[in-house]
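Here is the structure we will look at.
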Amino acid sequence: MARLAAALALLSLALPAAASAFSKTDQPLTMSDGARLMTTYYVPYGTPPAEGWPAVILLHGLGETRTSTANAVGMSINAIAETQLVPQGYAALTFDARGHGQSEGLVSIDGPREIQDVRELFNWLSNQPGVNGHRIGAFGYSYGGGAVWRATAEGVPFAAIEVAATWTDLYAALAPQDFAHSGVVLGFWQSIQARAAPAVAPLVNDLLAGRNLRATRAFASQRSTRSLMGLINAPTFLLQGRRDFAFDLDQALVPFAQLKVPKRLYLADFGHAPSPHPAGELEHVLPEQRQWFDRYLKGLPNGIDQQPPVEVAPDPWTGQTFSYGSVPKRKTLRLAFPGRKPIGSTAKVVRTLPRLRSRAETFGAPVLRVALSSPNRWPHVVAVVSALTPAGNEVVVSAGGVRVRLGSKPKQVTIRMVSQVTALPRGSRLRLTVAATSTAQSPGNLLYLLSVPRTARLVVGPAKLSVPLLAKPISR
């Protein structure tokens with residue numbers, strides 16, 4: 001015990017004390033193409049450590065700014081810097097992304113110009129007096145997370161990164177099975193339309209219409225990192241929403257499996273819709289995020305890297321999370337929905353199963369196989385799986401859609417749905433809705449909005465559904 005106390009005393013002398021106050025400077029920085037980006041630069045008061053302050057660059061979401069609070073994580077990046085980082089001895093730089101807020105330029109969706117902005121801001125920060133240019137990390141959520149991933153893969157030398165509620169494969173997120181999540185695409189587009197680069201609008205229109213998809217895939221590939229995980233050499237903390245219909249669970253699970261660096265995965269109750277953003281969860285996870293930076297930017301042996309690397313929050317939030325040594329074990333629930341029914345363009349087929357005998361919790365992407373036919377070219381089909389709970393609520397478990405080419409003879413169609421973690425209370429009844437849009441299941445379900453021709457007719461036959469479940473549910 002005496003040796004331990006002496007070691008801790010020496011460690012405390014080697015580390016800078018937390019700064020109780022700091023300077024805050026709002027200023028434009030000019031990029032190499034002449035565009036000025038508005039930034040906020042924070043520096044702790046006091047004498048920096050001998051090697052300089054460690055530092056963090058923070059990036060916000062699409063259509064937002066560095067002060068936006070109504071976002072996927074529930075707190076502005078300025079507030080995160082001011083409450084979690086700078087008082088603990090970090091310099092920090094936040095900025096309005098190109099084409100956002102007070103910054104100049106046009107938005108090209110984390111394209112080469114935006115990644116060059118990140119590189120130039122990194123270089124500016126590393127050259128500031130009192131900053132350790134070898135100890136700079138990055139945090140980004142949603143749009144900002146996509147930029148952090150891509151900038152790191154392209155060689156911006158971050159010493160540690162944290163990415164939240166974001167994508168690694170942009171095309172798979174926005175148009176799985178080549179059929180756009182039209183509600184998500186339109187929502188994102190409306191947030192930047194007035195300041196988007198000219199090339200973006202035609203791509204959005206093509207994606208929604210399902211044409212020229214090769215160009216859209218190429219555009220998305222240049223903004224994705226799924227195939228570049230071998231180039232990521234910074235310790236990485238991934239935070240992803242349990243129920244996020246913009247960027248689903250697989251946008252984090254796949255890279256987590258691929259990364260060869262120190263890594264951590266937190267599955268949260270925050271994220272894009274329909275995430276609930278419970279009060280109190282940030283108080284739990286923000287200190288963990290700071291500990292990650294403390295470990296890899298300050299070199300503090302705080303044990304965060306020795307903890308089980310996977311952590312899952314329950315829904316509803318209780319203040320207690322569940323930890324795993326790897327991605328949790330799963331089992332498969334297999335269900336059958338019998339019947340055959342013809343419908344018109346605005347109608348739907350609804351089939352409901354008996355009550356579940358025990359509580360369950362999905363973990364991953366359900367897969368539906370359904371027999372479909374059409375006498376007159378019904379162009380796409382949408383399926384929604386929901387749960388009717390004993391409390392009288394209908395909870396969307398997952399949804400998926402696919403473009404189809406049908407004839408009068410039934411054809412087996414496979415729909416891979418959004419990957420989620422959804423609690424199914426005991427006594428719930430699972431329901432399958434098949435139609436042209438997700439709004440057929442509920443007016444508030446805005447994932448798939450594109451209708452079919454008024455004259456179109458569809459015949460929905462028997463369906464089989466495979467649902468991955470946590471081997472042991474954690475939510476109640």
query = What tally of residues in region 341-382 results from selecting those that are touching a helix residue (DSSP H, G or I) at 6+ places or on another chain (Cβ under 9 Å), among the small types (Gly, Ala, Ser) and farther than 19 Å from ASP244 by Cβ?
reply = 1
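Considering only region 430-440, state which residues are open to solvent by 20 Å² or more (accessible area, probe 1.4 Å) and under 20 Å from LEU333 (Cβ atoms). Don't jump to the end; show me each part of the working.
Going through region 430-440, the residues open to solvent by 20 Å² or more (accessible area, probe 1.4 Å) turn out to be 431, 437, 439-440.
Hit for region 430-440 is ARG431, nothing else.
Being open to solvent by less than 30 Å² (accessible area, probe 1.4 Å), assigned to a strand (DSSP E or B), within 30 Å of GLU311 (Cβ to Cβ) and of a type outside the set (D, E, K, R) is the requirement here; does VAL370 meet it?
No: the conditions fail for VAL370.
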Every pair of residues 6+ apart whose Cβ atoms lie under 7 Å, when the first sits in region 54-80 and is closer than 16 Å to GLN289 by Cβ and in contact (Cβ under 8 Å) with a residue 60 or more places away in the chain while the second is assigned to a loop (DSSP other than H, G, I, E, B) and among the acidic types (Asp, Glu) = ASN71/GLU64
inquiry  = Residues that are among the basic types (Lys, Arg), within 22 Å of SER475 (Cα to Cα) and open to solvent by 10 Å² or more (accessible area, probe 1.4 Å): does region 343-354 have at least one?
reply    = no
request  = Mind listing whichever residues of region 27-49 are among the charged types (D, E, K, R) and more than 29 Å from the chain's Cα centre (by Cα)?
outcome  = ASP33
Residue, most open to solvent (accessible area, probe 1.4 Å), within region 108-124, restricted to residues that are in contact with a strand residue (DSSP E or B) (Cβ under 7 Å, 6 or more places away or on another chain) and farther than 12 Å from ALA35 by Cα = TRP124
ask   = Restricting attention to region 56-66, does a residue exist that is of a type outside the set (Ser, Thr, Tyr), farther than 26 Å from VAL184 by Cβ, open to solvent by less than 60 Å² (accessible area, probe 1.4 Å) and modelled with pLDDT of 95 or more?
value = yes
request  = Just give me the residues in region 125-155 being part of a strand (DSSP E or B) and open to solvent by less than 50 Å² (accessible area, probe 1.4 Å), in sequence order.
outcome  = VAL131, ASN132, GLY133, ILE136, GLY137, ALA138, PHE139, GLY140, TYR141
request  = Select from region 317-342 the residues that are open to solvent by less than 30 Å² (accessible area, probe 1.4 Å) and either within 22 Å of LEU265 (Cβ to Cβ) or assigned to a loop (DSSP other than H, G, I, E, B) (or both) and list them in ascending order.
outcome  = THR321, PRO328
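Could you list, in sequence order, the residues of region 448-476 that are among the aliphatic types (A, V, I, L, M) and not in a strand (DSSP E or B)?
LEU449, LEU450, VAL452, ALA456, ALA471, ILE474
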remark   = Note: among ASP250, ASP269, just one is buried (at least 20 other Cβ atoms within 10 Å of the Cβ), charged (D, E, K, R), out of contact with any Phe, Trp or Tyr (no Cβ under 7 Å at 6 or more places or on another chain) and under 22 Å from GLU162 (Cβ atoms), namely ASP250
ask   = What are the residues in region 267-285 that are aliphatic (A, V, I, L, M), farther than 11 Å from LEU239 by Cα and assigned to a helix (DSSP H, G or I), if any?
value = LEU282
Inter-residue pairs, beta-carbon under 6 Å, first closer than 24 Å to ALA257 by Cα and in region 210-239, second part of a loop (DSSP other than H, G, I, E, B) and open to solvent by 50 Å² or more (accessible area, probe 1.4 Å), 6+ apart = PRO235/PRO262
key: Residues satisfying the stated conditions in region 11-45, i.e. closer than 20 Å to ALA81 by Cβ, surrounded by fewer than 17 Cβ atoms within 10 Å (Cβ to Cβ) and at pLDDT 95 or above   = SER23, LYS24, THR25, ASP26, GLN27, PRO28, TYR45
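The values are calculated or read from the model by the stated rules, or taken from the named source; none is laboratory data. Quantities reported herein were computed from a predicted structural model and do not represent experimental measurements. Backbone-built Cβ (ideal geometry, glycine too); neighbour counts: all protein chains shown. The accessibility values were calculated without ligands, DNA or RNA, using every heavy atom of the protein model including side chains. Shrake-Rupley method; radii C 1.70, N 1.55, O 1.52, S 1.80 Å.
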